[in-house]
1. Any idea which of I118, I176 is modelled with pLDDT of 95 or more, among the aliphatic types (A, V, I, L, M) and out of contact with any Lys or Arg (no Cβ under 8 Å at 6 or more places or on another chain)?
2. What's the number of the only condition in (1) touching a Cys at 6+ places or on another chain (Cβ under 9 Å); (2) in the same structural domain as A195 (by TED's automatic domain parsing); (3) assigned to a loop (DSSP other than H, G, I, E, B) that Y173 fails to meet?
3. Which ones in the range 32-62 are among the hydrophobic types (A, V, I, L, M, F, W, C) and assigned to a loop (DSSP other than H, G, I, E, B)?
4. Identify, please: which residue in the range 21-42 is surrounded by fewer than 18 Cβ atoms within 10 Å (Cβ to Cβ) and modelled with pLDDT of 90 or more and is, among those, farthest from the chain's Cα centre (by Cα)?
5. Restricting to the range 134-169, and then to whatever is part of a helix (DSSP H, G or I) and charged (D, E, K, R), can you tell me which residue is farthest from E115 (Cα to Cα)?
6. Looking at (1) touching a Ser or Thr at 6+ places or on another chain (Cβ under 6 Å); (2) under 21 Å from H191 (Cα atoms); (3) among the polar types (S, T, N, Q), which one does T78 not meet, given that it meets all the others?
7. Restricting attention to the range 176-215, and to residues there that are of a type in the set (F, W, Y) and in contact with a helix residue (DSSP H, G or I) (Cβ under 8 Å, 6 or more places away or on another chain), which single residue is nearest to G36 (Cα to Cα)?
8. On the basis of being touching a His at 6+ places or on another chain (Cβ under 7 Å) and either surrounded by fewer than 21 Cβ atoms within 10 Å (Cβ to Cβ) or touching a residue at least 12 places away in the same chain (Cβ under 8 Å) (or both), does V88 make the cut?
Amino acid sequence: MSMIEVNDLRLGYENRVIIEQLNFTVQTGDYLCIVGENGSGKSTLMKTLLGLQKPMGGSIVFGDGLKKNEIGYLPQQTAVQRDFPASVREIVLSGCQARCGWRPFYNKAEKQLAEKNIERMGMTAYAGRCYRELSGGQQQRVLLARALCATQKILLLDEPVAGLDPKVTAEMYELIDSLHQEGITIIMISHDIKAALCYADHILHIGRRIFFGTKEDYQNSDFGRLFLWQEDGDKDV
């Protein structure tokens, strides 16, 4: 069943169109990886899916009972956010804000959910630590725990391994894959096309040309092979 259906979407800002005639669907249980050149509109698309930015045209339809406030989001971090002076527990618990409604406090169930997701991410020993004292990989685990407090259905991840060393990157990819195996739908922006092809089942490539389909079809397409070749060439320089 379609969880998200995007029809003839047109995106941009300040009257500048950066994507148009974008069509794709996300089925419940999918692992979709969004790839493309820098500045092609990947983060703009994710912000639009989250309702943080309005489309210039077209539509986004949510199905299978999904509500906008049931989407977990792991954004790209800024330097200011990395230095945020709050405890791990406070950061994770803030992911329950959408559940609170007009309540000015967290209830017992929300606190238990936060503790569960802290443990799920292997961060129990750090629950009382200040967030800014953690390593980059530990901070990403905390933010993933926070995102899980908002949803058990779907996660939107914007470059979740940016700035991480190879070992921690591999661990993060495995952690995300384990969540997918548990039944959580994943939409992830990545510059690492090889990792995308390893873990994802569908690829959305946006830029001068648009591709949406299975990773097998992407690998076998002239478009996909050209992009893979360009990526390899850039790494060899």
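The values are calculated or read from the model by the stated rules, or taken from the named source; none is laboratory data. For clarity, every value in this text was computed on a predicted model and none was experimentally measured. Neighbour counts run over all protein chains shown; Cβ positions are idealised from the backbone, glycine included.
1. Details: I118 fails: out of contact with any Lys or Arg (no Cβ under 8 Å at 6 or more places or on another chain).
Being modelled with pLDDT of 95 or more, among the aliphatic types (A, V, I, L, M) and out of contact with any Lys or Arg (no Cβ under 8 Å at 6 or more places or on another chain) holds for just one of I118, I176, which is I176.
2. (3)
3. Initial filter on the range 32-62 (among the hydrophobic types (A, V, I, L, M, F, W, C)): 32-35, 45-46, 49-50, 52, 56, 60-62.
Once the filter is applied, which keeps residues that are among the hydrophobic types (A, V, I, L, M, F, W, C) and assigned to a loop (DSSP other than H, G, I, E, B), the range 32-62 yields L50, L52, M56.
4. To start, the set of residues in the range 21-42 that are surrounded by fewer than 18 Cβ atoms within 10 Å (Cβ to Cβ) comprises 21, 23, 25, 27-29, 37-39.
When the remaining residues are screened for being modelled with pLDDT of 90 or more, the result is 21, 23, 25, 27-29.
Working: Q21: 22, N23: 19, T25: 16, Q27: 16, T28: 15, G29: 14 Å.
Among residues in the range 21-42 that are surrounded by fewer than 18 Cβ atoms within 10 Å (Cβ to Cβ) and modelled with pLDDT of 90 or more, the one farthest from the chain's Cα centre (by Cα) is Q21.
5. Here is the first cut: in the range 134-169, the ones part of a helix (DSSP H, G or I) are 136-150, 166-169.
After this cut, where a residue has to be charged (D, E, K, R) as well, the list is 141, 146, 167.
Details: R141: 13, R146: 10, K167: 26 Å.
Result: K167.
6. If we test T78 against (1) touching a Ser or Thr at 6+ places or on another chain (Cβ under 6 Å); (2) under 21 Å from H191 (Cα atoms); (3) among the polar types (S, T, N, Q), just (1) comes out false.
7. Going through the range 176-215, the residues of a type in the set (F, W, Y) turn out to be 199, 211-212.
Restricting the remaining residues to those that are in contact with a helix residue (DSSP H, G or I) (Cβ under 8 Å, 6 or more places away or on another chain) gives 199, 211.
Details: Y199: 17, F211: 10 Å.
For the range 176-215, the residue satisfying everything is F211.
8. Values: touching a His at 6+ places or on another chain (Cβ under 7 Å): no; either surrounded by fewer than 21 Cβ atoms within 10 Å (Cβ to Cβ) or touching a residue at least 12 places away in the same chain (Cβ under 8 Å) (or both): yes.
For V88, the condition - touching a His at 6+ places or on another chain (Cβ under 7 Å) and either surrounded by fewer than 21 Cβ atoms within 10 Å (Cβ to Cβ) or touching a residue at least 12 places away in the same chain (Cβ under 8 Å) (or both) - is not met.
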